[in-house]
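Contents: one structure, followed by commentary.
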Amino acid sequence: MPCFSCGARQTDPIRGASPWTRGVRDETLVLVCPDCRRTHEADLDTCSTCGSVALICRLGEVECRSCGSVRPARGDGRLAASYAPGLADEVEAALARVLRRVP
Ligand SMILES: [Zn+2]
Ligand SMILES: [Zn+2]
């Protein structure tokens, strides 16, 4: 997998751990080369709990390796969609109550 930002190919380090890091972008697991990690870290998804970019994306969920919080992948849209109708109903009900008080 190449670097998500510059497209460089990861090379195996002669020894030690690879300086490349994994991150999540658009809820897809990506690799980031050391250069782009410095300059393009803001492009990565961040944990909504702790703000860390140390996320891993796996089947249906995104897990933060810093604080361990897990959220469903691609759930934001669904959640918003499922929350919005209820919210709209509440607003509508509140509006109806207010309007009914008006003579
Ligand atoms: Zn790069
Ligand atoms: Zn976190």
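The values are calculated or read from the model by the stated rules, or taken from the named source; none is laboratory data. Note that the coordinates shown come from a computational prediction; the quantities given were computed from them, not determined experimentally. Cβ atoms come from the backbone with ideal geometry, glycine included; neighbour counts cover every protein chain shown. Areas reflect the complete protein model, heavy atoms only, side chains present, ligands, DNA and RNA absent. Shrake-Rupley method; radii C 1.70, N 1.55, O 1.52, S 1.80 Å.
For the stretch 34-56, residues that are in contact with a helix residue (DSSP H, G or I) (Cβ under 9 Å, 6 or more places away or on another chain) and more than 16 Å from ligand 2 (Cβ to nearest atom) total 2.
Count, please, the residues in the stretch 46-62 that happen to be buried (at least 18 other Cβ atoms within 10 Å of the Cβ) and out of contact with any Cys (no Cβ under 7 Å at 6 or more places or on another chain). Walk me through how you get there before you give the answer.
Within the stretch 46-62, the first condition is being buried (at least 18 other Cβ atoms within 10 Å of the Cβ), and the residues that meet it are 47, 53, 55, 57, 62.
Keeping just the survivors that are out of contact with any Cys (no Cβ under 7 Å at 6 or more places or on another chain) gives 53, 57, 62.
Residues flagged as buried (at least 18 other Cβ atoms within 10 Å of the Cβ) and out of contact with any Cys (no Cβ under 7 Å at 6 or more places or on another chain) within the stretch 46-62 amount to 3.
Tell me, yes or no, whether the stretch 50-71 has at least one residue that is within 16 Å of ligand 1 (Cβ to nearest atom) and either charged (D, E, K, R) or modelled with pLDDT of 90 or more (or both). Give the steps one after another, and end with the answer.
Initial filter on the stretch 50-71 (within 16 Å of ligand 1 (Cβ to nearest atom)): 53.
Checking the rest, the ones that are also either charged (D, E, K, R) or modelled with pLDDT of 90 or more (or both) come to 53.
Checked the stretch 50-71: at least one residue is within 16 Å of ligand 1 (Cβ to nearest atom) and either charged (D, E, K, R) or modelled with pLDDT of 90 or more (or both).
When only residues in the stretch 19-33 that are open to solvent by 70 Å² or more (accessible area, probe 1.4 Å) and either among the acidic types (Asp, Glu) or out of contact with any helix residue (DSSP H, G or I) (no Cβ under 7 Å at 6 or more places or on another chain) (or both) count, which is nearest to Ala73 (Cα to Cα)? Step through it out loud before you land on a result.
Of the stretch 19-33, the ones open to solvent by 70 Å² or more (accessible area, probe 1.4 Å) are 19, 22, 25-26.
With either among the acidic types (Asp, Glu) or out of contact with any helix residue (DSSP H, G or I) (no Cβ under 7 Å at 6 or more places or on another chain) (or both) added as a condition, the list becomes 22, 26.
Details: Arg22: 16, Asp26: 9 Å.
My answer is Asp26.
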